[in-house]
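The values are calculated or read from the model by the stated rules, or taken from the named source; none is laboratory data. As the structure is a prediction and not an experimental result, all values here were calculated from the model. Cβ: placed from backbone, ideal geometry, glycine included. Neighbour counts: every protein chain shown. Calculation scope for accessible area: heavy atoms of the full protein, side chains included, ligands and nucleic acids excluded. Shrake-Rupley method; radii C 1.70, N 1.55, O 1.52, S 1.80 Å.
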Amino acid sequence: MSELNLVILGPPGAGKGTQAERLVEDFDLPYYATGHILRAAVKERSELGQKAQEYMERGDLVPDELIVEVIRQRVDGPEAADGFVLDGFPRKVTQADVLAEVLDGLGRRLSAAMLIDTPDEEALRRLSGRRVCADDDHLYHVEFDPPREEGKCDQDGSALIQRDDDKPETVKRRLAVYHEETTPLIDYYGERGLLRRFDGSRHPKEVSDHVRATLATLRLEDEL
Ligand code: AP5
């Protein structure tokens, strides 16, 4: 079967992580989310985490040199040989160029850049109600996707917490950074024929049905 090398793009709160969880299950692909990787590094107080923390708390992007090597190693590793899902990388054109160069060096190419889009007001509403499990970043929403037992993760029983960068002021900064630094990637991937758009303001199941159908078509086209 042909490989699926996928990037998920979109503003904070669009549902990238929510869709990635489903995608990874459906297509059995390794999942690399730079936000998860960086938050784990902050928690461990590793050198990467200590350097990244102040940028993340402000809602700014961490410098390229902190994240590019991490992704280069993942994509080049044996686990990703049959494909991968990248969530949160690339986030600017310099990072997209690095990804293209890494794949080129491996004789591979990106299958699609999937843009999950949603208006800023909806993103603010979602992020203020988001809760994540303290152990593994499993996702919930107090209104749209509550856990069975309040404050407890359905999957591993750990406590549900609010992310530090989900405070409204930090979310506004993250949205501004997205519009400034990440939206040029829409044209970047559009010009290369790789962009696929999804309406992230629809119900999560409708979005995942659309994603699934799009990827099934991509695979078929690739095999023809
Ligand atoms: P990261 O963790 O990647 O954050 P983000 O891109 O801002 O994305 P979010 O995780 O906030 O949102 P999401 O789209 O995944 O939404 P979710 O599915 O959770 O990055 C954090 C920080 O790390 C950055 O600010 C930066 O500092 C740094 N960083 C990361 N990558 C970097 C890079 N490449 N370069 C430099 N710096 C980097 O959904 C949100 C909520 O809505 C949930 O509660 C969910 O249950 C709910 N929901 C989801 N879908 C729906 C729906 N369809 N309807 C109703 N509710 C929904």
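A count restricted to segment 73-125 and to residues that are within 18 Å of Leu61 (Cβ to Cβ), open to solvent by less than 20 Å² (accessible area, probe 1.4 Å) and part of a helix (DSSP H, G or I) stands at 4.
When Thr217 is tested against the conditions (1) among the hydroxyl-bearing types (Ser, Thr, Tyr); (2) under 18 Å from Leu110 (Cβ atoms); (3) within 16 Å of the ligand (Cβ to nearest atom); (4) out of contact with any strand residue (DSSP E or B) (no Cβ under 6 Å at 6 or more places or on another chain), the lone failure is (3). The set of residues in segment 140-161 being open to solvent by less than 40 Å² (accessible area, probe 1.4 Å) and assigned to a strand (DSSP E or B) consists of Tyr140, His141, Leu160. You will find that of Thr94, Thr34, the residue that is of a type outside the set (Lys, Arg), in contact with an Asp or Glu (Cβ under 7 Å, 6 or more places away or on another chain) and at negative phi is Thr94 and no other. I'm checking my understanding of the structure. Among residues of segment 97-138 that are under 23 Å from Ile71 (Cα atoms) and within 12 Å of the ligand (Cβ to nearest atom), which one is modelled with the lowest pLDDT? This residue is Asp137.
Segment 1-64 holds helices (runs of 4 or more DSSP H) entirely within its bounds, and those carrying 2 or more residues that are under 22 Å from Ala213 (Cα atoms) and touching a residue at least 40 places away in the same chain (Cβ under 8 Å) map to 16-27.
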